[in-house]
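The values are calculated or read from the model by the stated rules, or taken from the named source; none is laboratory data. None of these values were measured; they are calculated from a predicted model. Note that we place each Cβ from the backbone using ideal geometry, even for glycine, and neighbour counts take in every protein chain shown.
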Amino acid sequence: MHMEMMNPKKWVFNLLLPFLFIRFCTSIDTLTPTQFIKDGDVLLSSGETFALGFFSPGISSRRYVGIWYYKISEQTVVWVANRDRPINGTSGVLSLNRDGNLVIYDNTRNSTVWLTNVSTVSYSARLLDSGNLVLCQGDSGSGGVVWQSFDHPTNTLLPNMKNGFDRRTGLQWFLTSWKSRDDPGTGEYSYRVEPNEFPQSIGFKGSTRLWRIPLLLKPSRNDEAKTTASSILNATYVNNRDQVYAFYTPINASTLLTMFLDEFGSLKLLTWVGKWVEFYSFPGDQCAAYGRCGAYGYCDSNNRQDFECTCLPGYEPSSAEKWYLRDASGGCIKERKALSMCGNGEGFVKVENAIIPDTSKARLLMSLSMNDCKDECLRNCSCLAYASEAEGGERANCITWYENLMDVRKFVRRFPEGGQDLYVRVDAVELAQRRGIKQKKVVVVVTSIVLTSLLFIILVGWLVMKKRRRGIDIQDSDEENMELPIYDMVTIVGATNNFSNKNKIGQGGFGSVYKVILLFLTQSAWNLWIDGKAFELIDPVMEGSFPMSKVLRCIQIGLLCVQKCPEDRPTMSSVVLMLVSDILALPQPKQPGFYIERSSKEKHEHSVAQSSPSINEVTMTHLEAR
C-alpha cells in the first residue's frame with residue numbers, strides 16, 4: 001500500500017485543529033503553556049474588571065488582541081498587542097510558545113503576528129485586576145514578572161501606570177495615539193517625558209512640541225493653585241537615581257478612571273458614571289499650546305477678549321506691530337538692553353500662580369530654603385528666574401533658569417499641572433517702578449479704607465438723626481390730622497365765585513353746600529402760555545428788573561420739564577444747555593400732566609372732561625343761622 005508523505009506544517013495544523021474548537025475557560029485569570037485563547041474566548045482578571053481577547057474597533061472588521069473593561073456596557077479598550085499587525089478574519093490564536101513568550105498566531109497565514117520577545121523563560125501569563133498583563137516564572141502566575149503590558153502602553157494610562165523612563169535600562173513609558181477610532185495603529189501623537197532633558201511631560205506631534213505639563217515642583221499649598229483633577233485623583237512624581245516617572249491613583253478606590261491620548265493629540269481624563277464622562281481635556285485653551293506667547297511671554301487665558309499674551313516683568317514685545325495683530329510668536333525682549341542685571345541693583349518680581357517655564361535647560365538644586373534659592377540665582381548673572389517648593393523657613397527643591405523663559409502661562413484650575421510662584425530677574429529701574437506702584441497701591445488701599453469708614457460713620461449718624469426726626473414728624477402729623485384744614489375767607493369767596501348759585505350743589509340741615517374750584521399753578525401757567533399771556537405770571541413789582549425774553553425763556557423751559565409724556569421732557573443736561581445758551585432754539589411745550597388719567601370706561605363716559613384740563617373740585621358748606 002502506497003502512503004503519501006504529509007507536509008510537516010499541514011501535519012502540525014491537523015494536530016492542533018481539534019483544540020481550536022475547545023472553549024477556553026473564562027473563570028480563570030491565568031494562561032499556561034498547555035492553554036490558548038482563540039477568537040471568541042476571553043481571559044478575565046480575578047475581579048472580572050478587565051478582559052483579554054480578540055476584538056474589532058469601531059466599524060473595522062480587522063481583529064486585534066487587546067484588554068478592555070469587562071463590567072461596563074461600553075467596550076473601552078485600554079491596551080492593544082498587535083496594533084500595527086491586525087488579523088483578517090477570526091483565525092487568530094494567543095498562546096505561550098516553548099520559549100515562554102506570549103505569541104499571536106494567524107492560522108490562515110501560518111505566521112506569527114506578534115510576540116513578547118523576552119529571553120527569560122516564563123511559565124504563565126496572568127491578567128491582573130489593574131489591567132496589567134504579566135508574564136511570570138511561576139505556574140500559578142505568582143513568580144517573578146519578566147514582562148508586563150504596563151511597560152508597553154498604547155494610548156491609555158491606567159491608574160498606577162508610569163509615564164517616564166528608566167535610567168538603567170533605557171526603557172521609556174509613553175503613550176501614542178491611535179490612528180483613528182477604527183484603527184488602533186500607532187498614530188502621530190505621543191505623550192512622553194524626554195530622557196535627555198530636565199523632566200517634564202510633553203505632548204508631541206511627530207517631533208514637534210504641542211503642549212507641556214511640568215513635573216518638577218509640587219503645587220502651591222494655596223487653594224487657588226489646586227487643580228480640578230486633584231478632587232478625584234492623587235498625582236505622584238518620582239525622580240531618583242534609577243527612574244523618572246509620574247503616575248496617578250484615584251482618591252476613591254471604587255471610582256473608575258482612565259486617561260488616554262486621543263487621535264487628535266488631546267489628553268483626556270474620563271470617569272465612569274453609567275457612561276464615560278470627560279473630567280478634563282488637555283490642552284483646553286490657546287494658552288496651553290506650547291510657546292503660545294514666545295520667549296519671555298506670559299499667557300493668561302482670562303484675557304482672551306483683549307489679547308491673552310503679555311510680557312514678563314522687565315520685557316516688552318519684540319515687534320509691537322505683530323503683537324497688535326495678535327501674533328506673539330516672536331516673544332518679548334528686554335526693555336532696557338543696555339542696563340546690566342549683574343551687580344547693578346537688580347532684583348526679582350514675583351509672577352503669582354504661574355505654570356513654570358519650560359525646564360529643558362533648567363537646573364535643580366536640592367534642599368534649599370526660599371531665601372537660599374533666591375541668593376543662588378542672584379549670585380549667577382546668567383540666572384533669569386527661579387521657583388521653589390519651600391514655604392517659610394523649610395528647605396525643599398529649587399529650580400533656576402538660564403536660557404529663554406518659554407511657555408510661561410497663568411495657572412487655570414481645571415488643568416492638571418498646579419500653580420507655582422515664579423520669580424523673574426529684573427533690572428534696578430524695573431524694580432524701583434514696581435516698588436513705587438506697590439507703595440501707591442498701599443496708599444490707595446489705606447485711603448480707601450479710611451474714607452469708607454468715615455462715610456460709614458456719617459451715614460450711620462445721618463440715619464440715626466433721620467430716625468429721630470421721623471419720630472417727631474410722625475407725632476406732629478398725628479396732631480395735625482386731628483383737625484380739618486383751615487382756609488381764609490378771601491380764598492373761600494374766590495373759590496365759590498362769591499357764593500354764586502351756579503356753584504351751589506345742595507342744601508342740608510346745616511345750610512347750603514357749594515362746590516369749590518382750586519386751580520393748579522401749572523394749569524394757570526399753561527393757559528396763559530397758550531393764550532400768549534405768559535408775562536402775566538410775573539409779579540408786577542419785579543417788572544423792569546430783568547429782560548422779558550429771558551423770563552419767557554425760563555417759563556418755556558419750565559413747561560417743557562412738566563410735559564405729560566416723560567419722553568417729551570428734556571434731560572437735565574439739555575436743561576442746563578438751554579439755560580446757558582440764548583441762541584439754542586427751544587421746542588414748543590406740550591400739554592403738562594396736571595390731571596390724572598382716567599380708565600378707558602371713564603374716558604368714554606367723560607369725553608368732555610378729557611378734552612380739556614381737569615380741575616380739583618371740593619364741596620364747601622355755607623352755614624346759615626336758624
For Asn397, are the conditions met, namely being part of a strand (DSSP E or B), within 32 Å of the chain's Cα centre (by Cα) and surrounded by fewer than 19 Cβ atoms within 10 Å (Cβ to Cβ)? yes
Can you find even one residue in region 339-355 that is more than 25 Å from Gly203 (Cβ to Cβ), part of a loop (DSSP other than H, G, I, E, B) and without any contact (Cβ under 8 Å) to a residue 24 or more places away in the chain? no
Over region 182-195, the set of residues modelled with pLDDT of 95 or more and over 29 Å from the mean Cα position of the chain (by Cα) is Asp182, Asp183, Pro184, Gly185, Thr186, Gly187, Glu188
Region 54-72, subset under 25 Å from Val273 (Cα atoms) and touching a residue at least 40 places away in the same chain (Cβ under 8 Å), residue surrounded by the fewest Cβ atoms within 10 Å (Cβ to Cβ): Gly58
Could you please find all residues in region 271-293 being among the polar types (S, T, N, Q) and either in a strand (DSSP E or B) or farther than 17 Å from Lys205 by Cα (or both)? Thr271, Ser281
Within region 58-112, track down each residue that is of a type in the set (Asp, Glu) and more than 48 Å from the chain's Cα centre (by Cα). Asp99, Asp106
The condition of being closer than 30 Å to Asn196 by Cβ, touching a Ser or Thr at 6+ places or on another chain (Cβ under 7 Å) and surrounded by fewer than 19 Cβ atoms within 10 Å (Cβ to Cβ) holds, among Ser367, Ser281, only for Ser281
Inside region 296-312, the number of residues satisfying the requirement of being surrounded by fewer than 22 Cβ atoms within 10 Å (Cβ to Cβ) and touching a residue at least 24 places away in the same chain (Cβ under 8 Å) is 3
Count of region 73-117 residues which are acidic (Asp, Glu) and either closer than 19 Å to Cys136 by Cβ or surrounded by 21 or more Cβ atoms within 10 Å (Cβ to Cβ) (or both): 1
For Ala338, are the conditions met, namely being under 30 Å from Asp285 (Cβ atoms) and either modelled with pLDDT of 95 or more or not charged (D, E, K, R) (or both)? no
Quick check on Ser367: is it in a loop (DSSP other than H, G, I, E, B) and farther than 18 Å from Trp211 by Cβ? no
